1. For the range 172-186, give me each residue that is aliphatic (A, V, I, L, M) and either free of Cβ contacts under 8 Å to residues at least 40 places away in the same chain or farther than 12 Å from THR294 by Cα (or both).
2. Sort out which residues of the range 211-231 are β-branched (Val, Ile, Thr), touching a strand residue (DSSP E or B) at 6+ places or on another chain (Cβ under 6 Å) and part of a helix (DSSP H, G or I), and write them in order of number.
3. So, in the range 314-351, how many residues would count as being more than 25 Å from THR112 (Cβ to Cβ) and of a type in the set (A, V, I, L, M)?
4. Name the pairs: first residue in the range 318-344 and under 14 Å from GLU258 (Cβ atoms), second residue hydrophobic (A, V, I, L, M, F, W, C) and in a strand (DSSP E or B), Cβ to Cβ under 6 Å, at least 6 apart or on different chains?
5. Regarding the range 125-134, can at least one residue be identified that is in contact with a strand residue (DSSP E or B) (Cβ under 8 Å, 6 or more places away or on another chain), hydroxyl-bearing (Ser, Thr, Tyr) and free of Cβ contacts under 8 Å to residues at least 60 places away in the same chain?
6. For the range 191-213, give me the residue count where each residue is under 17 Å from the mean Cα position of the chain (by Cα), under 14 Å from GLY69 (Cα atoms) and not β-branched (Val, Ile, Thr).
7. Considering only residues that are within 15 Å of VAL132 (Cα to Cα) and either in contact (Cβ under 8 Å) with a residue 24 or more places away in the chain or part of a loop (DSSP other than H, G, I, E, B) (or both), which ones fall in the range 189-201?
8. Filter the range 67-107 down to the residues that are under 18 Å from SER228 (Cα atoms) and either surrounded by fewer than 18 Cβ atoms within 10 Å (Cβ to Cβ) or hydrophobic (A, V, I, L, M, F, W, C) (or both) and list them by number.
Amino acid sequence: MPRNGKIVRITLALVAAALLGALAVTSAGAAGKHSTDTLSGSGSSLIAPAVAVWETEYTGATIQYSSVGSGQGIKNISNRIGDFGASDAPLNKPQAAGCHGCVQIPWALTATSPVVNIPGVGPNKLKLTGSVLANIYLGNIKNWDDPAIKKINKGLNLPNLPIVVVHRSDGSGDTYVFTNYLSKVNHQWKHQVGCNTTVQWPTGIGGNKNPGVAADVAQNPGAIGYVSIAYVISNHLHLAKLKNASNNYVLPTIKSIESSAQLVKAQKIPANNKISITNPPKSAKFHNAYPLATFTYVIVPTTSPKATELKSFITWALGSKAQSSIKKLVFAPMPNVIVKAAKKTLTEIHS
């Protein structure tokens, strides 16, 4: 068995155990709370498994989180429904203006990943390039035995089977990350579709949030979609290896995500914390970088009656203990330079 495959299998087993554990102790975790305050948030389904772990470990306010997708999470906090929002996509200019005085704070680091359901092809076996992935989602490649796919998968028994393209139907940070990457690696995608939390998909069927996409991939032989690792586990999906700019086919692991995050050290972090680490350049430094890595954000009004509680919870989430507790869900600890920028932004929140 290839070493990378073994590492990913072990990682996925840990994720499965972690998810089951989080579900089992959610109600019990409230017993250890030292505060009667409650913080409610909504948004990203990608961050939801991590927040579920944090809910059980944080001993301050009780955390209540609703996984409604990044787009809805941004709308909710903009309308002051709840105390915080969460998105894997940084706010664009209209969203930032519409939030009426919000800050976005990076609080976790992970990846979104292409997953496939190809009869006869096992997990971690299929290889994809950014160009092939873009052409599948553009509708230019329609069958799994297409020459472009076979060329990079020599020796793999690819069936004569139509490709069922699955994408998000809701406003999604995963979609932002996915289309951000495709816009960097494919000229047609950049000019025809572009990058956003919602786009006009050239082809495919839509699934609601990560669970919906995962279910659609699992239920349709020949399907391809994109989800985060936690949903790979719960739906028994198969990851595909993705070629990075250094010409290596990599899987989403803690190390490959951390490798991509090194990109932030080479660029100035803007005041609004908008950061993209997809498709790091060809370099020995990014030799094993995963090209679909991303930061995910908590979105908070600068003026809030729960400013003290929010700052306390987010500061805790940025700490080493909280970051380590979600490594089992394939969230990589954030670089110190990002944590420093996040804590600086936290000072803008007040009552």
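The values are calculated or read from the model by the stated rules, or taken from the named source; none is laboratory data. Keep in mind the model is a prediction, meaning the values are calculated, not measured. So basically every Cβ, Gly included, is an ideal-geometry build from the backbone, and we count neighbours across all protein chains shown.
1. LEU182, VAL185
2. Passing the criteria: VAL213, VAL217.
3. Result for the range 314-351: 2.
4. Filtered contacts from the range 318-344: PHE331/ALA108; ALA332/LEU109; MET334/LEU109.
5. No, because not a single residue in the range 125-134 is in contact with a strand residue (DSSP E or B) (Cβ under 8 Å, 6 or more places away or on another chain), hydroxyl-bearing (Ser, Thr, Tyr) and free of Cβ contacts under 8 Å to residues at least 60 places away in the same chain.
6. Residues in the range 191-213 being under 17 Å from the mean Cα position of the chain (by Cα), under 14 Å from GLY69 (Cα atoms) and not β-branched (Val, Ile, Thr): 7 in total.
7. Listed by number, the list holds a single entry, TRP189.
8. Of everything in the range 67-107, those that are under 18 Å from SER228 (Cα atoms) and either surrounded by fewer than 18 Cβ atoms within 10 Å (Cβ to Cβ) or hydrophobic (A, V, I, L, M, F, W, C) (or both) turn out to be VAL68, ALA86, ALA89, TRP107.
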